[in-house]
């Protein structure tokens, strides 16, 4: 059993003895984070941040401390190493290590990616549509990753004539990409490369001009540039500078390939500019000036822009307007607002308009035949499922590709023939080892919140393992930015389900599962609904016989980590264990520092702590600010050293403060990935290792034998 150390009064060197004990296989005491008070006074509130010094990523003592935490974590998990290996082997045995995606037709080529056994990353390829065409490897991430512990592909855009490839790579996890270009016809890299870019790019129709965005010091895409192949990037022309720190820039292109679209947006407001893709030297024209809390998104067909907007329509409506005069005063409504249905997205083809709607938390596909003047819905029989848009590059296509999954149905790619209404399954991910979906039960239930609102919960468990009140459970949650926590399939999850776990998702307010109002009810000065909803779901599940508090593990990442941090302060005795992945827990300190990436953008979700009413409201739930001398569940906290979204110091400071104050002997460990960013390990095998570690932690603290 580990012990709490005495908090030092100043920074001290970490002794070699600390590391020596772990290397010999003996459990060691947890590292002690020194206390160096930093005092702030905001709105009359005197705040002391004892662990502020952990923000200095260049200080040797900080690096030593993080490594010591990792060594302590390894030591405390030594007894699970064989279990980790077993779970990793289980998960690996279920996947097709050598596999290929469904090819995507674009003009005379089919584009796809494939994986090879033993290699961490995909290989991106194409073939000509003609029979017996040889494969051409476009980029191999395994080769590009040489010398790096991490790699992420950002932009991946082929020129309209299919000759050139523009792609961007991040090799640290910092989300600062470098843009490269390859001549696919000659199969050679071009000398052009552009550093410090975002993960999006778009081609003009001359096949030589590329638009891209660069990042400011806070990693916000804030300037749009135009580059011509073969020229010096230092001479690239800046097209637009977004000066409002709460907005970021994106560059896209309509499926019709007629227009380039520059979108400036925050969490609540957008503004769109368009340019003729045929004129690489042309200017961008504003469609509608930004208006606070008004979002709109553009698609194109023939002489018409289609406008998806929430102007006077919280759940969005669809408008149309002439491309020649797209001012807001000319917009005409074609799909009205509906109180119970969220208009979640739109795809426009030459002969069809595809609407993605969400009703009672479930996504639907509605297809409008613009020539036949009729519309219909695609049927999905399961009680809870996930729909994802597929890759549909061809404007004139009669096929709609989409992805489908549920808690028991593996990821499936469909081609839907919009004219004949025939659904063609192109691929279903194979789960090796004899997976039988009929052995598992899926439910959709509703828990009453404190204010009487019904909160959806998605559940899956083995039919033969359901024992009243005795099941271990993993309860997941997020609840932010209007993002919906989808009930998708994971073969990794079978390692829990087949050990008797119930897996549950609490679709709490702050997310977008039940429409725009669902987001708004967990935003700004109603954020606490997110946390009380989750607690209500946990109590409903324990009172309803699905599990008990001493068998309940909760988990969430990023903004979901904020959720986890808040609820274990509010109801620590309700949960046996908690996993917080890269958790956003130091809310006030972070939002008081505009130099931290995404801070100012966050003001449009949670409010600004420089406004007194928001400050005191945040103070009431901020996990770091509300740590107290109380008992806490067993806890696994993860961090990533290069994370631009949640600084590694947030989980590190939070862990140190809880360890100093908690009144229990429950396990508290911090695991920092020193070579990754917000999404964790980039390699597929490394990701499985991460899952095996977290699952082993859960099994260990629940006392479930391997």
Item to check | Top-ranked residue of segment 100-137 - restricted to ones that are touching a residue at least 40 places away in the same chain (Cβ under 8 Å) and either over 19 Å from residue 399 (Cβ atoms) or touching a helix residue (DSSP H, G or I) at 6+ places or on another chain (Cβ under 7 Å) (or both), ranked as surrounded by the most Cβ atoms within 10 Å (Cβ to Cβ) | outcome: 121
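If you scan segment 378-398, which residues turn out to be in a strand (DSSP E or B) and buried (at least 19 other Cβ atoms within 10 Å of the Cβ)?
Let us first name the residues in segment 378-398 that are in a strand (DSSP E or B), namely 386-389.
Once the filter is applied, which keeps residues that are in a strand (DSSP E or B) and buried (at least 19 other Cβ atoms within 10 Å of the Cβ), segment 378-398 yields 386, 387.
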Checklist entry - Got at least one residue in segment 550-565 being in the same structural domain as residue 453 (by TED's automatic domain parsing), more than 19 Å from residue 640 (Cβ to Cβ) and surrounded by fewer than 21 Cβ atoms within 10 Å (Cβ to Cβ)? => result yes
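Each row is one residue, and each column tells you yes or no for (1) in contact (Cβ under 8 Å) with a residue 60 or more places away in the chain; (2) in a loop (DSSP other than H, G, I, E, B); (3) in contact with a helix residue (DSSP H, G or I) (Cβ under 7 Å, 6 or more places away or on another chain); (4) not assigned by TED's automatic domain parsing to the domain that holds residue 500.
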site: 353; (1), (2), (3), (4): no, no, no, yes
site: 368; (1), (2), (3), (4): no, no, no, yes
site: 376; (1), (2), (3), (4): no, no, no, yes
site: 401; (1), (2), (3), (4): yes, no, no, yes
site: 426; (1), (2), (3), (4): yes, no, no, yes
site: 444; (1), (2), (3), (4): yes, no, no, no
site: 455; (1), (2), (3), (4): yes, no, yes, no
Checklist entry - Of the residues 629, 692, which is surrounded by fewer than 19 Cβ atoms within 10 Å (Cβ to Cβ), touching a helix residue (DSSP H, G or I) at 6+ places or on another chain (Cβ under 8 Å) and modelled with pLDDT of 95 or more? => result 629
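Show me the strands (runs of 3 or more DSSP E) entirely contained within segment 282-351 in which 2 or more residues are under 23 Å from residue 239 (Cα atoms).
Working: elements: 296-301, 304-309, 317-322, 332-335, 341-348.
Answer list for segment 282-351: 296-301.
Only residues that are in a loop (DSSP other than H, G, I, E, B) and touching a strand residue (DSSP E or B) at 6+ places or on another chain (Cβ under 7 Å): list them for segment 205-228, please.
Let us first name the residues in segment 205-228 that are in a loop (DSSP other than H, G, I, E, B), namely 205-208, 216-220.
Listed by number, the residues that qualify are 207, 208, 216, 220.
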Checklist entry - Taking residue 93 and the conditions (1) part of a loop (DSSP other than H, G, I, E, B); (2) modelled with pLDDT of 95 or more; (3) over 30 Å from residue 32 (Cα atoms), which numbered condition does it fall short on, given that it satisfies the others? => result (1)
Checklist entry - Of the residues 196, 162, 205, which single one is in contact (Cβ under 8 Å) with a residue 40 or more places away in the chain and either surrounded by fewer than 17 Cβ atoms within 10 Å (Cβ to Cβ) or on the phi > 0 side of the Ramachandran plot (or both)? => result 162
Item to check | The lone exception for residue 222 - which of (1) within 30 Å of residue 686 (Cα to Cα); (2) free of Cβ contacts under 8 Å to residues at least 40 places away in the same chain; (3) crowded, with 20+ Cβ neighbours inside 10 Å it fails | outcome: (1)
Checklist entry - Hey, any hits in segment 257-268 for a residue that's outside the structural domain of residue 394 (by TED's automatic domain parsing), at pLDDT 95 or above, assigned to a strand (DSSP E or B) and surrounded by fewer than 16 Cβ atoms within 10 Å (Cβ to Cβ)? => result no
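Give the residue, chosen from 291, 271, 299, that is closer than 19 Å to residue 356 by Cβ and modelled with pLDDT of 95 or more. Step through it out loud before you land on a result.
Details: 291 fails: closer than 19 Å to residue 356 by Cβ; 271 fails: closer than 19 Å to residue 356 by Cβ.
Criteria check complete, one pass: 299.
Can you tell me which residue among 167, 150, 156 is farther than 26 Å from residue 127 by Cα and at pLDDT 95 or above?
Values: 167 fails: farther than 26 Å from residue 127 by Cα; 156 fails: farther than 26 Å from residue 127 by Cα.
Result of the check over 167, 150, 156: 150.
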Checklist entry - Out of all the residues in segment 138-154, is one or more in contact (Cβ under 8 Å) with a residue 24 or more places away in the chain, exposed (fewer than 15 other Cβ atoms within 10 Å of the Cβ) and touching a strand residue (DSSP E or B) at 6+ places or on another chain (Cβ under 8 Å)? => result no
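The values are calculated or read from the model by the stated rules, or taken from the named source; none is laboratory data. Computed from a predicted model, the values in this text were never measured in an experiment. Here Cβ is always computed from backbone atoms with ideal geometry, including for glycine, and neighbour counts include all displayed protein chains.
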